[in-house]
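A short worksheet on the structure shown next.
Each reported figure results from applying straightforward, stated rules to the coordinates on display, with no laboratory input. Since the model is a prediction, treat every value here as computed from it, not as a measurement. Positions of Cβ are generated from backbone atoms using ideal geometry, with glycine treated the same way; all protein chains shown enter the neighbour counts.
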């Protein structure tokens, strides 16, 4: 694992074959992370970065956080000069999507813990043009196995039975999300994106032992109009009422 330079602001990860810098940046306790790597990553571009820049209420704790993107993660803090920011990462067609990033994080869950949580904000340039349209980028978090799938551009359905980062209708976090997970222009202030969710907390029950977390983001329907997720404060703890799903942090 190559180290991220100390002077980094929004620094694309220096080793495209390793995601450990990202996992360490978002983990509250680095000892919980056994290893991390990309199950899927586009062949070019900057789909992932570690940031020490304060941006859109991140980091949530500590000095750094992780960024995953269907475009250029390093541009997240630029002035918003375009309503159609579109990176060219040349990711192949995967499960009905383009420019998909799937990061796998292998975790050590202590014997007294039962709840996994992390904080995130989903940001996109698809807002507001493609609300309730065929183009519907999404963010997904799965425990144990990554088996999400998306239909073709004529049917923007996403199936993700293991996803616990869901809106009130049990759907992935995306431009069509509803309720507390819906997007607004104000939530994206200070970033290069046109819309974003509030800062959210995703949680799920977890059993002690070695467990695997998968974090995915992708373009659905086309390669255009980038989407990004900020990730921080990954915790594993004891919680008497650990409910699976997403709430405002």
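Could you work out the mean projected area of the convex hull around the alpha carbons of region 23-86, in square nanometres to one decimal? Kindly include the intermediate steps, with their values, before the conclusion.
Values: hull surface 21.0 nm².
For region 23-86, the mean projected area of the Cα convex hull comes to 5.3 nm².
When only C-alpha pairs under 8 Å and at least 6 residues apart count, what is the relative contact order of region 35-115, in percent?
Relative contact order, region 35-115: 42 percent.
Taking square-rooted eigenvalues a ≥ b ≥ c of the alpha carbon gyration tensor, is region 137-249 rounded, prolate or oblate, where a/c under 1.5 means rounded and, failing that, a/b exceeding b/c means prolate?
oblate
When a footprinting reagent is the concern and you count Cβ atoms within 10 Å, what order do 126, 20 take, fewest first?
So the residues, fewest neighbours to most, are 20, 126.
Quick one: go through region 47-89 and flag any residue whose amide nitrogen is under 17 Å from the point 7 Å out along the Cα-to-Cβ line of residue 239.
So the set is 60-61.
For the chain, what relative contact order do you get, as a whole percent, if you take Cα pairs closer than 8 Å and at least 6 residues apart? Intermediate values should be presented prior to the final figure.
Details: 725 pairs, mean separation 68.6, N = 249.
Contact order relative to length: 28 percent.
Taking the structure as given and computing Rg and Dmax of the Cα atoms in Å, which label from (1) 16.3, 49; (2) 18.1, 56; (3) 20.7, 90 fits?
Label of the calculated value: (1).
From the Cα gyration tensor of region 177-235, with a ≥ b ≥ c the square roots of its eigenvalues, which class applies: rounded if a/c is under 1.5, or else prolate if a/b is larger than b/c, or else oblate?
Prolate, because a/c is 1.5 or more and a/b exceeds b/c.
Which length gain, in nm to one decimal place, applies between residue 180 and residue 212 when the Cα-Cα distance is subtracted from 0.36 nm times their residue separation?
8.8 nm is the gain from fully extending residue 180 to residue 212.
Using the beta-carbon distance between residue 63 and residue 15 and R0 = 22 Å, what value does 1/(1 + (r/R0)^6) give for FRET efficiency, to the nearest 0.05?
Working from the Cβ atoms, E equals 0.60.
How would you rank 232, 226, 180, going from fewest to most other Cβ atoms within 10 Å of each one's own Cβ? Could you put the intermediate results ahead of the total?
Details: 232 25, 226 30, 180 13.
In increasing order of surrounding Cβ atoms, one gets 180, 232, 226.
Which one, 179, 91, 190, has the greatest fluctuation when you compute a Gaussian network model over the chain with C-alpha springs under 10 angstrom?
Between 179, 91, 190, it is 179 that shows the largest mean-square fluctuation.
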